[in-house]
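Contents: one structure, followed by commentary.
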Amino acid sequence: MKNEIDILSDREIEIWDYAESQNGTMDFVTEKLSAEGIFEEYRNIHKSYLKLYFRIDNETAKLEILKRMIFLNWYALIEPSCYTGIEDLDNATASESYSILDQYLIDGKIDSEFKWMLSFYSSWDYTILPFSENKLEALTAFVKGVDTSILSCPKNQLPKGVMDNRGQMGIYWISMSVEKKMM
């Protein structure tokens with residue numbers, strides 16, 4: 001039986017598949033996805049991750065949910081929505097996820113995977129700093145402390161399949177070749 005995280009992941013993949021299948025100009029596809037409610041559906045997925053985060057007690061699952069929310073916050077700002085199905089995520093949800101992340105940084109609760117992910121996202125500091133500067137000191141310090149001249153994600157180092165079933169975050173990291181290639 002699938003848990004709620006898996007259900008949200010599956011829905012993310014469905015939306016991504018649908019967006020990827022569209023033909024036409026970027027503007028045409030963006031308008032089509034908007035008119036069909038795809039962007040609103042993704043906003044609801046993002047909000048559902050946050051609601052789920054607060055409903056569960058499993059710390060491993062909470063960390064995974066936080067990774068996905070932070071990825072979506074970042075991805076919505078760097079990738080055209082016509083390719084992802086993600087546009088104009090709810091700012092309150094994004095802000096809350098960054099507040100949670102700030103506390104995780106203070107408490108030392110991010111794992112090595114999340115650290116390199118966040119370091120990578122920090123190369124686009126404009127996606128995080130508007131939410132953190134003058135509010136979330138630990139997150140702001142982390143973002144500003146990243147050496148953007150170094151590629152922070154592992155290349156061909158992670159076990160094959162580690163990014164499976166992780167929504168668009170997993171698709172993205174597979175496309176970035178973080179997993180070992182099959183021999």
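The numbers here are math on the coordinates, done by the rules we state, and not lab data. Being a predicted model, the structure only gives us computed values, none of them experimental. Ideal geometry is used to build each Cβ from the backbone, glycine not excepted, and the neighbour counts take in all protein chains shown.
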Rounded to whole angstrom, the alpha-carbon centroid of the stretch 127-157 lies from that of the stretch 162-183 at a distance of 21 Å
Treating the beta-carbon of each Lys and Arg as +1 and of each Asp and Glu as -1, no other charges, what is the dipole magnitude of the stretch 1-92 about its Cα centre, to the nearest 20 debye? 360 debye
Karplus couplings for the stretch 169-177 from phi (6.51 cos²θ - 1.76 cosθ + 1.60, θ = phi - 60°), rounded to Hz, Gly and Pro as x? 4, x, 4, 4, 5, 5, 5, 8, 6
Compare the Cα positions of Ala76, Val29, Tyr49 along the charge dipole of the stretch 28-81 (+1 at Cβ of Lys, Arg; -1 at Cβ of Asp, Glu; about the Cα centre) and return the one farthest towards the positive end. Tyr49
For the stretch 96-183, alpha-carbon Rg over 2.2 N^0.38 Å: 1.16
With a 10 Å cut-off between alpha carbons and a GNM built on the chain, which of Asp147, Asp164, Asp57 moves the most? Asp57
When only alpha-carbon atoms count, how far does the stretch 121-171 stretch along each of its three principal axes, as whole angstroms with the largest first? 40, 24, 16
Residue farthest toward the positive end of the dipole of the stretch 42-175, with Cβ of Lys/Arg at +1 and Asp/Glu at -1: which of Leu139, Ser112, Tyr126? Ser112
Within a Cβ distance under 14 Å of Asn91, other residues only, what is the Lys/Arg minus Asp/Glu net charge? -1
Rounded to the nearest 20 Debye, what is the dipole magnitude of the chain about its Cα centre when Lys and Arg each give +1 and Asp and Glu each give -1 at the C-beta? 560 debye
How much length is gained on full extension from Asn165 to Ile56, taking 0.36 nm per residue of separation minus their Cα-Cα distance? 37.3 nm
Using alpha carbon coordinates only, what is the Rg to Rh ratio of the chain, with Rh defined as the Kirkwood radius? 0.95
Mind listing the phi-derived Karplus ³J(HN,Hα) values for the stretch 38-48, rounded to whole Hz, using 6.51, -1.76 and 1.60 with θ = phi - 60°, and x for any glycine or proline? 5, 5, 5, 4, 5, 4, 5, 4, 4, 5, 5
Over 32 Å between Cα atoms, which of Lys32/Lys144; Lys2/Lys181; Lys135/Lys180 qualify? Lys32/Lys144; Lys135/Lys180
1/(1 + (r/R0)^6) with r = Cβ-Cβ of Tyr18 and Asp147, R0 = 30 Å, i.e. FRET efficiency to nearest 0.05, evaluates to 0.20
Compute from the Cα atoms of the stretch 29-102 the Rg and the Dmax, the latter being the longest Cα-Cα distance, and quote both in angstrom. 12.7, 39
